[in-house]
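Take a look at the structure below.
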Ligand code: ADP
């Protein structure tokens with residue numbers, strides 16, 4: 001179960017990875033996100049959309065366990081609790097300039113699987129290699145991370161996140177700073193990973209691409225205004241308004 005593999009297409013019922021029941025998240029003594037009820041299942045590709053300040057990042061932090069719910073109940077699948085969720089944060093300038101090789105950055109994704117052992121095991125190296133191959137960066141494994149293009153750096157961070165778990169990948173505005181061809185490459189890779197059984201949960205303001213890439217939309221404005229399939233979203237009043245006739 002802890003292996004880096006997936007069971008997509010096995011014909012089994014889909015397992016819930018994250019279940020929110022009427023959950024609230026906030027800071028100090030005010031709630032920013034209230035009454036969230038939703039389930040992320042195996043194989044889902046969910047995109048969280050909404051205006052700036054609508055609570056998207058706060059909800060992400062909550063789902064990642066970085067913020068405690070102030071109300072309701074949040075249930076995370078046991079195996080994700082063990083290994084952590086593969087998370088791709090927005091990159092800061094300092095992270096973009098990180099002085100390490102591609103392989104070192106990817107391997108560091110195995111840290112949440114292990115204790116404080118000083119060396120990476122053979123198994124961890126095999127997982128890192130598998131994920132570098134999957135994301136097409138194995139040939140550049142000895143290159144310096146900071147010398148890569150933005151698109152290649154995103155691949156490295158995805159491979160790193162997959163080392164924690166190949167069940168669920170959470171991404172916060174992953175296309176920020178990428179040129180149009182790198183954006184299309186990134187979406188193609190996410191779609192491929194999703195086909196291979198990696199559930200994807202992504203915050204994005206790139207609504208045009210989102211509706212053709214994701215399978216479900218969660219539209220947030222402090223509360224969940226909509227959660228369902230892209231097709232339903234396009235037909236809904238909230239979706240029509242947000243898409244502004246783009247669909
Ligand atoms: P979004 O990601 O949709 O732009 P955020 O979750 O970042 O929205 O912010 C939602 C609200 O929460 C905003 O009013 C913001 O000021 C507030 N907020 C965000 N982070 C913090 C924080 N660390 N402490 C206090 N308030 C915060």
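Any read-out appearing in this document is the output of simple, stated calculations on the displayed coordinates, not a laboratory observation. It should be emphasised that the depicted structure is a prediction, and the values quoted were computed from it without experimental measurement. Cβ coordinates were reconstructed from backbone atoms using ideal geometry, including for glycine residues, and neighbour counts include every protein chain displayed.
Structure above, values below:
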{"quantity": "Top of 95, 192, 21 by mean-square fluctuation, Gaussian network on the chain, Cα under 10 Å", "calculated": "95"}
{"quantity": "Surface/4 of the Cα convex hull for the range 142-209, nm²", "calculated": "4.9 nm²"}
{"quantity": "Sequence-separation-based contact order of the chain, relative, with Cα cut under 8 Å and 6+ spacing, percent", "calculated": "27 percent"}
{"quantity": "Kirkwood Rh, angstrom, the range 125-247 [1 / mean 1/r, Cα pairs]", "calculated": "15.7 Å"}
{"quantity": "Paired Rg and Dmax values of the chain, which use every Cα atom, in angstrom", "calculated": "17.9, 55"}
{"quantity": "Sorted by Cβ density within 10 Å, fewest first, the residues 144, 110, 47", "calculated": "144, 110, 47"}
{"quantity": "Computed E for residue 96/residue 41 - FRET, C-beta separation, R0 35 angstrom, nearest 0.05", "calculated": "0.55"}
{"quantity": "Label-point gap, in nm, between residue 147 and residue 68 - each point 7 angstrom along Cα→Cβ", "calculated": "4.7 nm"}
{"quantity": "Euclidean distance of C-alpha centroids, the range 8-86 and the range 129-180, integer Å", "calculated": "23 Å"}
{"quantity": "Extension gain from residue 241 to residue 78, taking 0.36 nm per residue of separation minus the Cα-Cα distance", "calculated": "54.9 nm"}
{"quantity": "Estimated [θ] at 222 nm from DSSP helical runs (n ≥ 4, -39500 (n - 2.57)) normalised by residues in the chain, nearest 500", "calculated": "-10000 deg cm²/dmol"}
